[in-house]
Amino acid sequence: MSDNKKREGFGSKFGIIAAAAGSAVGLGNIYRFPCELGNNGGGAFLLVYLLIVLCLGVPVMLSELVIGRRTQKTTVGAFRTLKPKSGWPLVGYLGVFCAFIIMAFYSTVSGWTLEYIVKAIGNDFQGKDLEAIQQEFTLFHESGWRNIIWQAVFVFLTGFVIFKGVANGIEKYSKVLMPLLLLILIVLAVKSLTLPDSSKGLVFLFKPDFSKITGKVLISALGQVFFSLSMGMGVLITYGSYTPKDNNLASTALSVTLSDTLVAVLAGVVIFPAAFSFGVQPNEGMGLVFSTLPMIFNQMAGGYFFCIIFFILLAVAALTSTISLLEVVVAYLVEELKLSRRWATVWAALGCMAVGAFASYSLQTGSPFHIGKLSFFDCLDFVSAKIMLPIGAFFIVIFLGWIMGKTTFFDEITNEGKLKLSVKGVIFFIIKYLAPLAIAVIFISGFLS
Ligand code: PHE
């Protein structure tokens with residue numbers, strides 16, 4: 001059997017877009033994006049975020065897809081194939097490690113979505129005021145053991161889908177449910193905008209106060225862009241390696257970037273007008289989303305059902321992201337360490353559960369798992385999104401621009417000359433010069449300030 005036949009693959013064009021968008025769209029958009037925006041000056045953050053998406057989104061994503069599809073290998077193997085006997089596979093190892101630690105804290109919040117499905121079904125929010133809902137959230141996320149159990153359930157679910165294989169698992173689920181999530185967000189946005197005083201939220205979200213743009217805001221936005229688009233650590237190299245040779249990678253990258261950004265902005269339009277209307281502080285952090293949303297449902301006709309459906313879809317959105325994270329680790333174990341898919345999944349899942357349990361437990365008041373002021377959970381988030389992803393993305397674009405080179409890049413994105421792509425020269429220029437420069441400048445300015 002040829003190597004190609006043995007490899008898992010995506011079945012259709014929409015399949016790869018759905019799977020990559022499934023990886024991109026998740027808690028990063030609906031939970032992390034509002035938190036970061038609320039903590040980093042509102043509109044100023046949004047402006048920087050959108051500028052970074054515009055300049056770096058498609059080029060970095062395309063670099064990863066190209067590296068993956070060209071080599072038909074996952075993260076570590078891809079670099080090794082293209083540049084044997086060099087230090088480049090280290091970028092791959094960094095990616096696998098990063099996937100592992102993101103998975104460890106991401107699965108904590110993913111577990112919360114399951115708790116909230118149960119609460120929604122039990123009509124737990126009905127008639128409660130903001131204070132009661134906030135308190136309930138605090139009590140829950142501080143209860144170490146409940147967090148940990150839900151987290152374990154979530155990692156188990158992820159392992160289950162991974163185990164069933166790429167085409168059967170990931171594609172099938174993403175295709176139907178992601179468009180549905182978009183639809184429900186639109187309904188919620190309409191509701192949120194009609195609440196009293198909602199315009200204050202829109203001003204906070206869309207009116208940039210330029211004096212708020214600091215190094216911290218820049219690095220937070222950079223990290224959020226990479227986090228949200230699942231870039232800088234090999235998910236898209238891995239998915240690129242599963243992508244058929246006739247897929248138009250540039251249009252895939254564009255569709256994924258646009259849909260992910262749309263969902264993030266839409267989540268902002270849902271959360272902030274409502275938060276201002278209810279009196280939730282925009283910089284409340286973890287509680288922002290989990291207290292604002294139930295309050296919106298409380299005020300809606302049919303809120304009971306919407307609330308259940310929403311949290312189910314949020315859990316699915318999180319699942320399609322955790323699948324991609326765990327897949328990076330599993331694919332590495334299978335391809336490089338020659339484990340069977342079954343055992344690779346078991347070990348990767350157990351590892352994530354173990355490290356993840358500490359992340360969940362660290363959120364409890366008085367928990368010893370703190371480094372300085374930051375909980376272990378926050379440390380994992382900080383190190384992965386604000387340090388590892390920018391470094392990973394930096395080396396990925398350098399690799400594509402300076403090592404793989406123009407000819408191979410053009411060959412791959414035009415499917416060996418079959419596609420016309422008039423902007424390919426511009427994209428290559430951005431990848432080779434602008435992207436590494438921009439990442440380095442933002443990264444350094446963020447840490448110097
Ligand atoms: N992009 C995902 C989200 O926004 C999270 C993620 C990050 C997934 C990195 C894979 C890799 O929720």
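Overview of values
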quantity	calculated
Pairs with Cβ under 6 Å, 6+ apart, first in the range 135-152 and in a helix (DSSP H, G or I), second small (Gly, Ala, Ser) and open to solvent by 60 Å² or more (accessible area, probe 1.4 Å)	none
Every residue from the range 74-106 that is away from the ligand (no atom under 12 Å from the Cβ), touching a residue at least 60 places away in the same chain (Cβ under 8 Å) and of a type in the set (Ser, Thr, Tyr)	74
Options 351, 372: the member that is away from the ligand (no atom under 16 Å from the Cβ) and more than 26 Å from the chain's Cα centre (by Cα)	372
So residue 221, is it assigned to a helix (DSSP H, G or I), modelled with pLDDT under 95 and surrounded by 16 or more Cβ atoms within 10 Å (Cβ to Cβ)	no
Residue among 118, 155 that alone is at pLDDT 95 or above, part of a helix (DSSP H, G or I) and open to solvent by 70 Å² or more (accessible area, probe 1.4 Å)	118
Residue match in the range 81-91 (condition: among the aromatic types (Phe, Trp, Tyr) and in a helix (DSSP H, G or I))	no
Hits in the range 129-152 - residues which are surrounded by fewer than 16 Cβ atoms within 10 Å (Cβ to Cβ) and in contact with a Pro (Cβ under 9 Å, 6 or more places away or on another chain)	none
Flag if residue 211 is within 16 Å of the ligand (Cβ to nearest atom), of a type outside the set (A, V, I, L, M, F, W, C), farther than 26 Å from residue 411 by Cα and surrounded by fewer than 24 Cβ atoms within 10 Å (Cβ to Cβ)	no
Filter pass, residue 202 being in a helix (DSSP H, G or I), in contact with a Pro (Cβ under 7 Å, 6 or more places away or on another chain) and either away from the ligand (no atom under 14 Å from the Cβ) or modelled with pLDDT of 95 or more (or both)	yes
From the options 336, 327, residue that is buried (at least 24 other Cβ atoms within 10 Å of the Cβ) and either charged (D, E, K, R) or over 23 Å from residue 228 (Cα atoms) (or both)	327
Helices (runs of 4 or more DSSP H) enclosed by the range 1-68 - at least 1 residues per element that are in contact with a Phe, Trp or Tyr (Cβ under 9 Å, 6 or more places away or on another chain) and at pLDDT 95 or above	33-39, 43-52
Selected residue (criterion: nearest to residue 207 (Cα to Cα)) from residues of the range 69-80 that are more than 18 Å from the chain's Cα centre (by Cα) and assigned to a helix (DSSP H, G or I)	69
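The values are calculated or read from the model by the stated rules, or taken from the named source; none is laboratory data. These figures come from a predicted structure and were not determined experimentally. All Cβ positions, glycine included, derive from the backbone under ideal geometry; neighbour counts span all protein chains shown. Ligands, DNA and RNA are stripped out before the accessible areas are found, and what is left, the full protein with its side chains, is counted by its heavy atoms. Shrake-Rupley method; radii C 1.70, N 1.55, O 1.52, S 1.80 Å.
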